[in-house]
Amino acid sequence: MKKTEALATVDPSILEKPPSQWRRLLGFQNISAIYIFIVIFIIFSIWTPQTFLKPQTWANLLDTNSLLVMAALAVLVPLVTGVFNLAVGAEIQWAMALCIVLQLKPEDFPDLALALNTPWPLAVLITIVVGGLIGMVSGLVITKLRIDSFIATLGMSSILVALTYLISANRPLKDVQPGFHEMYGWHIPLGDFRLTFPVIVLIVIAFVVWYLLERTPVGRRMYAAGFNPDGARLSGVNVGRLQLGATIAGGLIAGVIGVLASSKVYLAGGFGAGMLIPALSAVFLGSTQFKGGRFNVWGTVLALYVLAVGVLGLTLVKVPDLFTDFFYGVALIGAVAMSRWERTSKRTRAIRRATTLGAEAKAKLAAEDEAQLPPQLTPTQTALKQDGIEDQGDKP
């Protein structure tokens, strides 16, 4: 009897029934951030309902964190292909400086070489394109020079800090053209709720990135390149080209963030650099949502806004700022730890089922083999058989 046949005859009662689809979708491992959000929402709705539940509070929450979510997406796209972009904060700061300096009048700022009095819509376009070019340079360094993405993007970060200092002379610049500063305030009124321009841009970018990663062959190849680059290459996937395209996309998103940030806060020192750690935390926390450990857009967006709700609640109850960082750390470690715990439990159950299945199959194989063995002969029967004489036993 073949082993495959023995496996097929194993009693199905020994197999553990797999969880239902709803149980899997609603499990903590799949949507832990939503359960955390529910807990946070209940706590602060009871603690400070007069401010926490106001529509304007939630509109401000979406608006103030929209740039940070975009920064997380700028980190996510290269990370899907296995590239860590640690230069995203410097890319944002550089884009802020470039977009403002291009709008300045040369007669007012003779010491700034890029003060060209460029119309602000053209300055916005140039800034975004340059952001993509910076991403391309980072990608070429990683793919062509074979330098690890950690080292390459850290080096690029230092270069961009120096270039930002060079083009702005390390001065706070606020002399933007009319209409540019108002761009950040564009919004769609929805009663007491306002859908601001940065939130609209975030929604568009999130849908584009989601569609690219989840609904196109390119996205599937990007995931394959990040998960197993050697295997992807053997399958005919051009990993280097995908990584280059991902860094360019991340640079374009960073350019958009820089434009919107400069419209809001002009050239605020250190604005972009402070986005790196929260963006990385959101990407890794978001990977525990919906896709079971795979980087994804909506998990990242959800994770960051859940953390933002917690920070908002702490701010409204006037908790000292030091607890904000504490909350970020505890939420990140707690969610990932619980997700890992559930995943380990599932793996243990699968191993136990496989072990039980293997033992049962071996027992059935042994029984079948024993049944097919010829009967044991006595020494007399063996000798008679060798002489060609049939043993008649007790027959007369």
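The values are calculated or read from the model by the stated rules, or taken from the named source; none is laboratory data. These figures come from a predicted structure and were not determined experimentally. Reconstructed Cβ throughout: ideal geometry from the backbone, glycine too, with neighbour counts over all protein chains shown.
Quick check on this structure: which one of Ala97, Ala59, Ala74 is surrounded by fewer than 24 Cβ atoms within 10 Å (Cβ to Cβ) and assigned to a helix (DSSP H, G or I)?
Ala59
From Leu244, Leu280, Leu267, which residue is closer than 17 Å to Val69 by Cα, of a type outside the set (S, T, N, Q) and touching a residue at least 60 places away in the same chain (Cβ under 8 Å)?
Just one listed residue meets the conditions, Leu280.
Looking at Asn85, is it buried (at least 24 other Cβ atoms within 10 Å of the Cβ) and part of a loop (DSSP other than H, G, I, E, B)?
It is true that Asn85 is buried (at least 24 other Cβ atoms within 10 Å of the Cβ) and part of a loop (DSSP other than H, G, I, E, B).
Residues of segment 182-218 being in contact (Cβ under 8 Å) with a residue 12 or more places away in the chain and in contact with a Phe, Trp or Tyr (Cβ under 8 Å, 6 or more places away or on another chain), which ones?
Met183, Tyr184, Gly185, Phe193, Thr196, Phe197, Pro198, Ala206, Trp210, Leu213
Looking at segment 120-143, is at least one residue of a type in the set (Phe, Trp, Tyr), over 34 Å from the mean Cα position of the chain (by Cα) and either modelled with pLDDT under 95 or farther than 30 Å from Asp230 by Cβ (or both)?
Among the residues of segment 120-143, not one is of a type in the set (Phe, Trp, Tyr), over 34 Å from the mean Cα position of the chain (by Cα) and either modelled with pLDDT under 95 or farther than 30 Å from Asp230 by Cβ (or both), which makes the answer no.
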